[in-house]
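Each remark here refers to the structure printed beneath this line.
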Amino acid sequence: MKNWLFCILLFSWPAFATVEYRDFKQPEQEQAYQTLISELRCLVCQNQTIADSNADLAKDLRRQVYEMLQKGQSKQQIVDFMTQRYGDFVLYKPAFNLKTGLLWLGPALFLLIGLITVIIVVRRIKTAKHPALSKAQQTRLNAILEKGNED
């Protein structure tokens, strides 16, 4: 009997999972909601959107986005509110401004620095002058070479 009870509980566990359902008056609101929750970063998980995260903060942010849409606020107003409250980090695609300039330009800048370094090193290697051998060094080299040919 205990085994059956355990099996029933084990297999019915997914039924206890909660599914968030939001009722929208207009399809445009639902589309705006889906867009917003897929563009806002979960501040706890940091590598997930609030749509993908199960963290409590992400659930609160989804609820807050829903409530703000129900009050008639636009997508831009909601994004402005979130960035004002949490900073540019809350956006998966932060706007290009003075604060985020290095974030956007950094990879290209590092690539450019790397290419310039490679070009400089290659040119130095090509133009490096190898010093000529002195007469004593040349005589010794010839002797070594002749000895190697005799073997």
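The values are calculated or read from the model by the stated rules, or taken from the named source; none is laboratory data. Please read all numbers here as calculations on a predicted model, not as lab measurements. Quick reminder, even Gly has a Cβ in these numbers, built from the backbone with ideal geometry, and neighbours come from all protein chains shown.
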Note to self: Can you go through K99, K93, K129 and tell me which one is in a loop (DSSP other than H, G, I, E, B) and in contact (Cβ under 8 Å) with a residue 24 or more places away in the chain?
What the structure shows: K93
Item checked: Residue that is charged (D, E, K, R) and surrounded by 11 or more Cβ atoms within 10 Å (Cβ to Cβ), where the choices are D56, D80 -> D80
Notebook entry, point to check: Which one of the conditions (1) in contact with a Leu (Cβ under 9 Å, 6 or more places away or on another chain); (2) closer than 30 Å to R22 by Cβ does L133 fail to meet, given that it meets all the rest?
Noted result: (2)
Check: Just one of the numbered conditions (1) out of contact with any helix residue (DSSP H, G or I) (no Cβ under 8 Å at 6 or more places or on another chain); (2) modelled with pLDDT under 90 is not true of A51; which one?
Finding: (1)
Next item on the list: Give K126, K75, K99 a once-over and let me know the one that is charged (D, E, K, R), in contact with a helix residue (DSSP H, G or I) (Cβ under 7 Å, 6 or more places away or on another chain) and outside the structural domain of Q34 (by TED's automatic domain parsing).
Entry: K99
Notebook entry, point to check: Somewhere in the range 72-93, is a residue modelled with pLDDT under 90 and more than 30 Å from F24 (Cα to Cα)?
Noted result: no
Item checked: Whichever residue in the range 23-79 is in a loop (DSSP other than H, G, I, E, B) and of a type in the set (D, E, K, R) and, among such residues, is nearest to P94 (Cα to Cα) -> D52
